[in-house]
Each structure stands twice: as C-alpha cells, then as structure tokens.
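Contents: one structure, followed by commentary.
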Amino acid sequence: MSMETRRPLLVHRDHRRTFAENVYVYAVVSRRSKGVSIGLNLNPDKVCNFDCVYCQVDRTTPGPVRDVDLPRLLDELEDMLELVTTGELFERERFRATPPELRRLNDIAFSGDGEPTTCPAFADVVRAVAVVKSRRGLGGVKLVLITNATMLHHPRVRAGLDVLEANQGEVWAKLEAGTEAYYRQIERTTVPFRRILTNITVAARAQPVVIQALFMRLHGEPPPAEELEAFCERLKEIGRAGGRIKLVQVYTVARVPAEAFVSPLQRAEVDAVVELVRRRTGLAAEPYYGPE
Ligand code: SF4
C-alpha cells in the first residue's frame, strides 16, 4: 500500500478554500503530491458550466465576490508563498500536524468553486503567477490547471495554456464517462461530450495530461460495466489521436455531494476501475478513495 492510499491525516482532509481572510488563495497539504499545494480559486462567485451530481461546492450561499481582482489575488499569493517557504504556515493550528517530509511547496493550482478557465482573466492570472514563480526562483514548483476541459479551445484560454506549458505547467482534465448519455447524467451540462474529448486530445498533443475520473454510486448502483469499458475506449482514442496521458487518477466521492442519491464506491471497486484502466489502456492509473 502506498503512502497515498493510507487513511489521510486530519490535516489532509482539511480542504477548506478559505484561509484566514483570503478570497482567492488557500493551501492544502497533500500526501499524493507529497507537499503543499497552493490553490487559486478563480470562481469566487461559485458559478460553474457543469452541475456535477457529486459537486461539493456549497451553492446555498453566494460567493464573497463576483470577479477576480488580480492585484488582490497576487497579494494573497505572495503572502501564502511567504508563509509556506518560511515554514510559518506550519505554526498555524490547522497545519501543525503536517509531517516534516510534506513541509515543501509542490505546486500552485488554478482551481475554483467552478471551472477556472471560465474566468475572463484566466490567461492574465496564469501570466502573473508565472512571473511571481520565476521572480521567487521557484523553478521546481509546478503550475497545475484543474479543469473540466469545456473551454480549452477558446483562444483566450489557449493563451493561458501556452504560458502554463512554458512554466512547468500541467493540465489535469476531468473525464469520467465513456458515453454521451452517462456524461450528461453526471455533469448535467449542455456542453457536448465530443467537445470535451476533442479539447483533451488537443491539450494532450501539446503536452502530457493527467486525467481525473470520479466514479460513484447513483441510487446505490455503481457505474455499469459497459460504461467503464467505454471510458477506457475514450482514453485509447485520445492516445490514437496523438494525445499523451501521463496518469489516470481514479477517485470516488470524498465529501458531502450535491445530491443525496450519490454515494462513494468501496475501495475494492475503485481498485477494480484502476485495474481495468491499466489492463485495457496500458496507462498509469492510481486510486484515491472516499471516506470509510
Ligand atoms: S466542474 Fe467542479 S465545480 Fe463545477 S459542478 Fe463539477 S465538481 Fe462542481
């Protein structure tokens, strides 16, 4: 059993997006990345172009602000970088239990309480963060875009991706269906499934991507076997079209989902999906479990 598959320490479960008075910047300690990830919430308004049945963003209350205020975001980022790189972060109560080997900055992630690439300032934010990273000499720190891939074809998003690629950036794209019907059932969006597949393929041709796939029980039922087979087929199609996938992360529901009919898979079921992906596609795949 790898470090990542053990029951996480309390500090690792604390994924709250607010840090003191911050609007945009938060920190998460992750066994998976073996360090601290600084997250940038580019959707403080909590608006998303997906409506995933398992989403854990609390949309019963409005977000604190509507738009991204870039100077403020950068101030918060500079403060957070200071806290992490000086180690002061780990004197704070929430981070005191962080083991010494995880007290390192691993990445800066563009994420959000929605789809980060829908933020009109996305490319400007990526550019400005790349400048901060370079000025601070953080060459080994990755930039990660966590995305549902709906917007990757837009020129203004593409401009941000180009900056990412030039600055140790990675795209972590959501793909968790093999058919249009299941995709619509899970993501509840009007964006065609084909659009997602094409966008991921194009991004994966530019540089290797990580696929994030969350599978769950719906009304007590795990995903149909045919759906999982179709999911593997879509991964293979991306490869055949020249896309490179460096890793498939298989998740299940870990936090309170939007819908009561959604519940986590058991560990053995997550393992079985990982095995299937490895067998059918030959790709690297890793499991991430829900609560037990
Ligand atoms: S893409 Fe993310 S933020 Fe948007 S609905 Fe799905 S889980 Fe929630």
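The antiparallel fraction among DSSP beta bridges confined to the chain stands at about 25%. The C-alpha atoms of the chain define a longest principal axis, and helix 225-240 lies at about 60 degrees to it.
Given the rule -39500 (n - 2.57) for each run of at least 4 DSSP H residues, summed and divided by the residues of the chain, what is its mean residue ellipticity at 222 nm, to the nearest 500 deg cm²/dmol?
The helix contribution divided over the chain gives -10500 deg cm²/dmol.
The magnitude of the dipole of the chain, with charges of +1 and -1 set on the Cβ of Lys/Arg and Asp/Glu and taken from the Cα centre, is near 640 debye. Translational diffusion coefficient of the chain (Stokes-Einstein, Kirkwood radius from Cα pairs, 10 °C, 1.306 mPa s): 81 µm²/s. The angle between the Cα long axis of helix 193-206 and the longest principal axis of the Cα atoms of the chain comes to about 60 degrees, rounded to the nearest 10. A cysteine counts as unpartnered when no other cysteine's C-beta lies under 4.7 Å of its own; in the chain this applies to Cys48, Cys119, Cys232. Using C-alpha pairs below 8 Å separated by at least 6 residues, the relative contact order for segment 151-292 is 24 percent. Calculate the tail of P(r) for segment 76-148: the fraction of all Cα-Cα distances greater than 20 Å, expressed in %. Summing the P(r) tail past 20 Å for segment 76-148 gives 39 percent. Taking Cα atoms only, the orientation of helix 267-281 departs from the longest principal axis of the chain by about 80 degrees.
Each Lys and Arg contributes +1 and each Asp and Glu -1, all at the Cβ; summed about the Cα centre of segment 178-250, the dipole is approximately 400 debye. Counting only protein heavy atoms and using a 1.4 Å probe, what share of the accessible area of segment 47-92 belongs to carbon plus sulfur, as a whole percent? Carbon and sulfur atoms account for 51 percent of the accessible area of segment 47-92.
The values are calculated or read from the model by the stated rules, or taken from the named source; none is laboratory data. Note that the coordinates shown come from a computational prediction; the quantities given were computed from them, not determined experimentally. Don't worry about glycine lacking a Cβ; one is built from the backbone with ideal geometry, like all the others, and counts go over all protein chains shown. To get the accessible areas, we keep the full protein, side chains included, count just its heavy atoms, and leave off ligands, DNA and RNA. Shrake-Rupley method; radii C 1.70, N 1.55, O 1.52, S 1.80 Å.
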